[in-house]
Amino acid sequence: MYKKLSRFAARHVAKRYLNLGKSRGVVSFSFDDVPASACHLGAEILERYQATGTFYVCGGLTDGVEQSHACHTVQDLQNLVVRGHEIACHTFSHTNCANTGLAALEADWQRNQEFFSQHRLPKVGFAFPFGAYDLPSKIAASRRFSYSRITGGGTQIGIADLNALRAQALYAQSTDADTIFELIQQTASKGGWLIFYSHEVTTNPGPWGTTPEQLESALRIAKQLSCEILPVQHAIAFFQSP
């Protein structure tokens, strides 16, 4: 019961509002856990559209394998930075923040930030693994990071909570083409902000990955509808600019 109440409270308090009062919509593309395919093929597809993305890194997954997919290397991450992509935190151990005590969570965040510092990677934003958060973890993250991203789906219109930015799954097995088009169209017409998230980018993804065709289709639609395509931190700066 406490966890349910804490999650309910987290959705309604400890907010830090960002006004989205621009005439143009913004679409951001992000990749959680950062499989190697996201670093290589995913980034390459974004760059075809003169776009860059946000990659949420778990240092503990570096050089590893997740869900049968090879994960990033340090060199992959450093290459992304050189090419203008945003690197951000996803905890070191892919921690469920809603089920972890604050002391352990702070230690895990710190371990990931030390990983970033060791390899000269910038560290600014954060995404909650599994989109799982509660009130204590939301508040603690707000003190450490410039923004925090959750899941939840849909386009943000009018305002967004920088301590809990909603994001929409871009999954080949569960996100259909009509949904993608309608969300981007709404973003463009309302001047909103749509953040996509996925994991691997491959012709045969698992349930949490996207295909090259699906990713490229979303980029093409966003371009055709005159949306800005920006990494999350750059999108925040765009909406904060005069």
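The values are calculated or read from the model by the stated rules, or taken from the named source; none is laboratory data. This structure is a prediction, so every number in the text was calculated from the model and none was measured. In this analysis, Cβ positions are derived from the backbone assuming ideal geometry, glycine residues included, and neighbour counts consider all displayed protein chains. Ligands, DNA and RNA are stripped out before the accessible areas are found, and what is left, the full protein with its side chains, is counted by its heavy atoms. Shrake-Rupley method; radii C 1.70, N 1.55, O 1.52, S 1.80 Å.
Yes or no, residue by residue, for (1) in contact with an Asp or Glu (Cβ under 7 Å, 6 or more places away or on another chain); (2) at positive phi; (3) not in a helix (DSSP H, G or I):
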{"site": "VAL27", "(1), (2), (3)": "no, no, yes"}
{"site": "LEU41", "(1), (2), (3)": "no, no, no"}
{"site": "GLU44", "(1), (2), (3)": "no, no, no"}
{"site": "GLN50", "(1), (2), (3)": "no, yes, yes"}
{"site": "TYR56", "(1), (2), (3)": "yes, no, yes"}
{"site": "ASP63", "(1), (2), (3)": "no, yes, yes"}
{"site": "ALA70", "(1), (2), (3)": "no, no, yes"}
{"site": "ASN79", "(1), (2), (3)": "no, no, no"}
{"site": "ALA88", "(1), (2), (3)": "no, no, yes"}
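Restricting the stretch 62-72 to residues that are open to solvent by 30 Å² or more (accessible area, probe 1.4 Å) and in contact (Cβ under 8 Å) with a residue 12 or more places away in the chain, the residue that is farthest from TRP208 (Cα to Cα) is ALA70.
Look at the stretch 135-179 and say how many of its residues are hydroxyl-bearing (Ser, Thr, Tyr) and closer than 17 Å to PHE239 by Cα.
Applying the first criterion (hydroxyl-bearing (Ser, Thr, Tyr)) to the stretch 135-179 yields 137, 142, 146-148, 151, 155, 171, 174-175, 179.
In the following step, the residues that additionally are closer than 17 Å to PHE239 by Cα were identified as 146-148, 155.
Of the residues in that region, 4 qualify.
Of all residues in the stretch 122-131, those that are open to solvent by less than 10 Å² (accessible area, probe 1.4 Å) and either within 17 Å of SER93 (Cβ to Cβ) or outside any loop (DSSP other than H, G, I, E, B) (or both) total 5.
At least 1 residues that are at pLDDT 95 or above, surrounded by 15 or more Cβ atoms within 10 Å (Cβ to Cβ) and in contact with a Ser or Thr (Cβ under 6 Å, 6 or more places away or on another chain) in each: list the helices (runs of 4 or more DSSP H) lying fully within the stretch 138-242 that qualify.
Numbers: elements: 177-190, 212-224, 232-240.
Where helices (runs of 4 or more DSSP H) fall fully within the stretch 138-242 and carry at least 1 residues being at pLDDT 95 or above, surrounded by 15 or more Cβ atoms within 10 Å (Cβ to Cβ) and in contact with a Ser or Thr (Cβ under 6 Å, 6 or more places away or on another chain), they are 177-190, 232-240.
For the stretch 90-102, name all the residues that are under 16 Å from ALA127 (Cβ atoms), open to solvent by less than 50 Å² (accessible area, probe 1.4 Å) and not in a helix (DSSP H, G or I). So that I can check it myself, show each step before the final result.
To start, the set of residues in the stretch 90-102 that are under 16 Å from ALA127 (Cβ atoms) comprises 90-98, 100.
Keeping just the survivors that are open to solvent by less than 50 Å² (accessible area, probe 1.4 Å) gives 90-92, 94-98, 100.
The answer is HIS90, THR91, PHE92, HIS94, THR95, ASN96, THR100.
Given the criteria under 16 Å from ALA38 (Cα atoms) and open to solvent by less than 10 Å² (accessible area, probe 1.4 Å), does LEU105 qualify? No, not satisfied. Condition check for ARG111 on (1) open to solvent by 20 Å² or more (accessible area, probe 1.4 Å); (2) closer than 23 Å to ALA167 by Cα: one failure, at (2).
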